[in-house]
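Below is one structure, written out as C-alpha cells, with a few remarks after it.
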Amino acid sequence: MGFLDRRPFRADDPDGRELLAALLAAYDRAPAVREFVLAAGLPPAYFSWASAMSEVWPEVLRRAAGQGRLRSLITEVARDPDSAAYGVIARLIAEPTEEDAATGGGPGPRIGSVRRLVFEALSDDELTELCLDHFPAVYDQFAQGMSRSQRIIRLVEYCGRRGLLTNLVRLVSEINPEKYGELAGGLDG
C-alpha cells in the first residue's frame with residue numbers, strides 16, 4: 001500500500017514531511033489550495049481559509065487521508081504544472097495503489113515501450129485528438145513547429161509523472177487495437 005492510501009495522514013513520516021514541505025513551498029495561497037480541495041471532493045467548509053497555509057495544509061492532508069481521498073487530492077495537485085518541480089509528488093503518485101496491491105498489479109508499463117507504442121500506433125491527427133480529448137494540459141503545451149516526437153515525449157512524460165501510463169495504453173489500444181496487439185507484449189516492466 002502506498003503512502004497516499006494510508007490512514008491517517010502521518011506528518012511525522014518522512015514522506016509526510018517531504019510532501020507537506022513541497023505543498024507549502026508550491027502552494028502558499030488559499031485560492032489554489034481551495035481548488036485542489038474542491039477537485040478532490042473534499043468539503044471546503046472544513047477549512048479556515050483565512051489562516052496561514054502552514055495551518056491549512058496539514059488539516060487538508062489529515063482530512064483527505066481520513067476520508068480516503070489523499071491520493072485523489074495529490075493526483076489533482078500533480079496535474080498542475082507548478083508541482084512538477086517537486087519529485088515527492090510524482091514519486092508518491094507512482095507508488096502502487098491499494099487496488100494494485102489487492103490484485104497483484106505490477107509497476108505498470110515501461111515508459112520507453114509506451115512511447116514506442118504511441119509513436120507506431122497513432123497518426124498525427126489521432127495523437128492531437130487524444131491529447132485534446134483526454135490530456136488537455138498536454139495539448140495546451142503543443143507549440144507551432146513542435147515535432148511529432150516532441151509531442152509524444154511530452155504526452156508520455158506527463159502520463160508517467162502522474163501514474164497514467166496504463167490509462168494512456170488503454171486509450172491507444174482503443175484507437176488502434178491492431179497495432180496494440182502487435183506491441184502489447186513489450187509493455188510490462
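Residue count for segment 149-189, restricted to those that are among the charged types (D, E, K, R) and either farther than 30 Å from residue 74 by Cα or crowded, with 16+ Cβ neighbours inside 10 Å (or both): 7.
Every residue, every condition in (1) part of a loop (DSSP other than H, G, I, E, B); (2) closer than 20 Å to residue 2 by Cα; (3) touching a residue at least 40 places away in the same chain (Cβ under 8 Å), yes or no:
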{"residue": "34", "(1), (2), (3)": "no, no, no"}
{"residue": "54", "(1), (2), (3)": "no, no, no"}
{"residue": "82", "(1), (2), (3)": "no, no, yes"}
{"residue": "91", "(1), (2), (3)": "no, yes, no"}
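Inspect segment 88-102 for any residue being at pLDDT below 80, touching a helix residue (DSSP H, G or I) at 6+ places or on another chain (Cβ under 8 Å) and hydroxyl-bearing (Ser, Thr, Tyr) and give the result as yes or no. Yes, some residue in segment 88-102 is at pLDDT below 80, touching a helix residue (DSSP H, G or I) at 6+ places or on another chain (Cβ under 8 Å) and hydroxyl-bearing (Ser, Thr, Tyr). I'd like to verify a number: residues in segment 137-148 that are among the small types (Gly, Ala, Ser), surrounded by fewer than 13 Cβ atoms within 10 Å (Cβ to Cβ) and over 17 Å from residue 123 (Cα atoms), how many? Selection size over segment 137-148: 1.
Out of all the residues in segment 7-20, is one or more closer than 14 Å to residue 77 by Cα and within 21 Å of the chain's Cα centre (by Cα)? Scanning segment 7-20, I find at least one residue that is closer than 14 Å to residue 77 by Cα and within 21 Å of the chain's Cα centre (by Cα), so the answer is yes. Across segment 130-175, the number of residues qualifying as in contact with a Phe, Trp or Tyr (Cβ under 8 Å, 6 or more places away or on another chain), outside any helix (DSSP H, G or I) and of a type in the set (A, V, I, L, M) comes to 1.
The values are calculated or read from the model by the stated rules, or taken from the named source; none is laboratory data. Remember, predicted model here, so these are calculated numbers, not experimental data. So basically every Cβ, Gly included, is an ideal-geometry build from the backbone, and we count neighbours across all protein chains shown.
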